Amino acid sequence: MSVERVDFSEVFTLAARQVVPSVLAKSQSFSFDYRGPRITFPINVSRLRRTLHRVLCGAIDCLQSGFVMFIAEAEVQGNDCRLVVTAAGSGQPSSDEAIDAVLYRLEMKAAPPPLLARNARTASGRCPITGAQLEFSYLPGEGLLFRATFHPADFQVLDDDGEAPGPWGPSRAWLVSSEDAAADSLTRRLQRLGWAVTRFDSCAHVQVHLGQASSRSRKPELVVMFEFDGATPEAAMRLRDMLPETTKIAYSVAAGSELLRNPESLPGCDVHIHPFSPAELLAYTHASSSFRAPRSGDTALSPLLFTDRPLVLVVDDNELNRVVACGLLEALGYEATTAQHGLEAIDQCRRMSPHAVLMDIDMPVLDGLDATLELRRLQRVGEIPPCAIVAATAANSRTQADLCFASGMDGYLAKPLRLPQLRAELRRVTLL
């Protein structure tokens with residue numbers, strides 16, 4: 001068995017790239033993220049890739065339509081390392097038979113569901129290829145989750161922090177895309193590296209912006225366009241001609257794109273397979289050095305910096321729901337934190353002052369209705385700042401909605417949460 005030391009973030013990125021065409025073929029929205037330090041450890045690369053592919057395909061095959069997210073997180077504490085890969089989704093599920101088939105091929109066995117989620121399906125097992133611990137959760141009407149956990153004993157942490165901002169502030173990146181989860185997740189990743197990110201809906205809007213900007217206004221160090229979101233190579237070349245030579249233009253395509261046959265047909269542009277790996281984003285970060293102009297004059301069409309992202313608190317006693325809701329929120333440009341019941345939500349609101357709370361209704365300790373009543377009381381007496389509260393419940397009825405609004409909630413969403421509805425309701429109630 002051939003073993004070599006691998007960068008886990010790079011192998012995970014490759015695994016995501018290989019399933020993106022299947023996601024697009026089903027018209028699913030998707031997001032990608034790698035969190036924590038980059039980790040290297042010795043393993044048979046082929047086996048690792050096979051394990052990751054099985055897990056990601058499992059999530060895709062269990063959903064007919066909707067939203068799917070691929071997240072890897074590295075957690076290091078002293079001499080211990082834990083690598084967790086999560087593939088979760090929300091939307092129209094596949095049939096029970098199709099889900100059974102996925103669990104069978106992953107060699108996972110059913111486990112008893114939590115007492116408070118009787119309709120849930122759970123399963124667990126070990127990957128026969130790498131020995132990774134596998135977990136599965138599915139709650140009808142809400143979402144599903146696959147998780148693979150690795151515990152490498154011999155690991156190294158790569159020192160790959162982004163460079164500090166220059167004297168006139170952070171590097172600037174422009175993302176050219178309609179409101180798409182893939183672009184929003186890339187916005188988040190760039191912002192974590194210190195980039196100031198501006199979103200434009202189309203190349204035409206960028207051209208108008210450049211035409212109206214003064215010659216002294218600061219131009220971006222990086223422009224990213226997405227072929228699978230409608231940007232054409234011709235549009236990329238037009239922008240190339242309008243921007244300084246120092247601006248990097250990254251044209252992002254899905255695996256299998258015809259452009260990959262001849263990437264040289266886009267001179268002056270970098271053709272990348274989506275999603276970008278952590279190393280690729282770091283390379284752009286380290287190469288950016290255009291800190292000359294003190295003012296930019298650019299209009300941000302989304303939160304410019306990571307610290308500008310509005311915070312949403314997700315309150316739900318079910319872990320699957322918390323993971324899915326956080327993934328959807330992050331794909332929409334929000335920062336997300338969680339609480340498992342109403343009392344914990346109140347404590348979080350005291351400490352963190354979220355812009356909005358996404359509140360489940362039926363929870364132990366303190367349910368969503370009583371938690372909302374207490375939050376509104378605390379806000380009225382000035383103990384915590386005001387925030388929008390939106391119900392997120394599987395009980396979709398007029399009576400339930402009336403109870404939510406009577407308790408002081410501002411909005412109401414039925415599970416499973418969908419990207420367009422969540423976006424619209426949060427925009428309506430937060431006024432952001």
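Based on the Cα gyration tensor of the chain, what are the three equivalent ellipsoid semi-axes, each the root of five times an eigenvalue, rounded to whole Å and given largest first?
35, 30, 20
If amide hydrogens are placed 1.01 Å from N in the peptide plane, which non-local residues have theirs closer than 5 Å to the one on Ser202?
Residues meeting the amide H criterion: Ser177.
Select from Gly194, Gly211, Gly368 the residue whose mean-square fluctuation is largest in a Gaussian network model of the chain (Cα-Cα springs shorter than 10 Å).
Answer for the Gaussian network model of the chain: Gly211.
Please say if region 35-88 is rounded, prolate or oblate, where rounded means a/c under 1.5 for a ≥ b ≥ c the square roots of the C-alpha gyration tensor eigenvalues, and otherwise the choice is prolate for a/b larger than b/c and oblate otherwise?
Working: a/c = 3.62, a/b = 1.67, b/c = 2.17.
In terms of gyration-tensor shape, oblate.
For region 17-33, take each phi angle, set θ = phi - 60°, evaluate the Karplus expression 6.51 cos²θ - 1.76 cosθ + 1.60, and give the result in whole Hz per residue in order, putting x for glycine and proline.
4, 6, 9, 4, x, 5, 5, 5, 5, 9, 6, 8, 7, 8, 9, 9, 7
When the helix-only estimate is applied to the chain (DSSP H runs of n ≥ 4, each -39,500 (n - 2.57), divided by the residue count), what is the mean residue ellipticity at 222 nm, nearest 500 deg cm²/dmol?
Rounded to the nearest 500, the figure is -10500 deg cm²/dmol.
Which order do peptides 124-131, 389-396 fall in by mean Cβ count within 10 Å, highest first? Provide the component values of the computation, followed by the final result.
Numbers: 124-131: 15.4, 389-396: 20.9.
Top of the packing list down: 389-396, 124-131.
What residue among Pro263, Pro112, Pro140 has the largest mean-square fluctuation in a Gaussian network model of the chain, using Cα springs under 10 Å?
Highest fluctuation of the listed residues: Pro112.
Straight-line reach from Lys109: which lysines have a Cα under 25 Å away, not including same-chain ones fewer than 8 places off?
Qualifying lysines at Cα under 25 Å: none.
What Kirkwood Rh does region 11-161 have if only Cα atoms enter the pairwise 1/r average? Answer in Å.
About 16.0 Å for region 11-161.
Determine the shape class of region 172-287: with a ≥ b ≥ c the square roots of the Cα gyration tensor eigenvalues, call it rounded for a/c under 1.5, and otherwise prolate if a/b is greater than b/c, oblate otherwise.
Verdict is rounded for region 172-287.
Can you give the net charge of the other residues whose Cβ lies under 13 Å from the Cβ of Gly382, counting K and R as +1 and D and E as -1?
Working: positive: Arg350, Arg376, Arg377, Arg380; negative: Glu383.
Here the charged neighbours net out to +3.
When the Kirkwood radius is taken over all Cα pairs of region 318-432, what Stokes-Einstein diffusion coefficient follows at 4 °C and 1.567 mPa s, in µm²/s?
92 µm²/s
Quick one: Cα centre-to-centre distance for region 173-200 and region 84-111, in angstrom?
31 Å
Alpha carbon centre of region 1-56 versus region 369-392: separation in Å?
First find each Cα centre; the distance between them is then 41 Å.
Give the residue from Gly131, Val365, Pro233 lying farthest towards the positive end of the charge dipole for the chain; charges sit on Cβ (+1 for Lys and Arg, -1 for Asp and Glu) and the dipole is referred to the Cα centre.
Towards the positive end, the residue furthest out is Pro233.
Bear in mind that the values in this text are calculations on the coordinates, not laboratory data. All figures in this text were calculated on a predicted structure; none of them were measured in a lab. Here Cβ is always computed from backbone atoms with ideal geometry, including for glycine, and neighbour counts include all displayed protein chains.
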